[in-house]
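Undergrad: Okay, handing you the structure first.
The values are calculated or read from the model by the stated rules, or taken from the named source; none is laboratory data. Note that the structure is predicted; figures quoted are calculated from it, not measured. Virtual Cβ from ideal backbone geometry, glycine too; neighbours counted across all protein chains shown. Keep in mind that these areas ignore ligands, DNA and RNA; they rest on the heavy atoms of the full protein, side chains included. Shrake-Rupley method; radii C 1.70, N 1.55, O 1.52, S 1.80 Å.
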Amino acid sequence: QIITTIAFPLVYAAYLGVNPLTHTISGIVAAWGERKELENLQAAREKYRFNARLRAGGPDRETYILVVGESSRRQNWSLFGYGRPTNPRLATTPGLVAFGNSLSPATTTGRSLPLSFSFATAEHPDLFDTSKSFVSGFREAGFKTFWITNQGTQRTAIGNQIALIMGEA
């Protein structure tokens, strides 16, 4: 009986992506609510389709890599005119498209990425709830998509819109 009483909360804590040693009961309950909200949002977005297709007669192979450097400012990149060679390999990459006039739509990752990767805007953030990110558009067209992060997934695993985008990849 004692083992069941201890194991039951640990199983749900693992499901929610929280550490039961560092989260309070109220934190675990909040994470549970966020997880359910995320599942409901995912179900609502599931119906959306881009109807994307690759063009006939296009190249046999296309590779696109999007790098989001959220802690990096363009004024510190030699690619955008900074005096020191801060990104010499990137600057010599053939076919590179550098977006020099782009701005983040928000000051935090949790707000910025959903707005940057979808039709949602600061004025209409609810558009994220009814559509998918361009990651799904590439998947529908037949591309293999991957999400690589150095931030881990503990926060994105519980109630975060970024988790939905990651799931699309």
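Undergrad: Can you name every residue in the range 101-121 that is part of a loop (DSSP other than H, G, I, E, B) and either aromatic (Phe, Trp, Tyr) or surrounded by 10 or more Cβ atoms within 10 Å (Cβ to Cβ) (or both)?
TA: Residues of the range 101-121 that are part of a loop (DSSP other than H, G, I, E, B), as a first pass: 101-108, 118-121.
Those that are part of a loop (DSSP other than H, G, I, E, B) and either aromatic (Phe, Trp, Tyr) or surrounded by 10 or more Cβ atoms within 10 Å (Cβ to Cβ) (or both): SER104, PRO105, ALA106, SER118, PHE119, ALA120, THR121.
Undergrad: If you take the residues of the range 67-90 that are open to solvent by 100 Å² or more (accessible area, probe 1.4 Å) and within 25 Å of TRP147 (Cβ to Cβ), which of them is modelled with the lowest pLDDT?
TA: Across the range 67-90, the extreme among qualifying residues is SER71.
Undergrad: Sticking with this one: For the range 91-98, state whether one or more residues are open to solvent by less than 60 Å² (accessible area, probe 1.4 Å) and not in a loop (DSSP other than H, G, I, E, B).
TA: Scanning the range 91-98, I find at least one residue that is open to solvent by less than 60 Å² (accessible area, probe 1.4 Å) and not in a loop (DSSP other than H, G, I, E, B), so the answer is yes.
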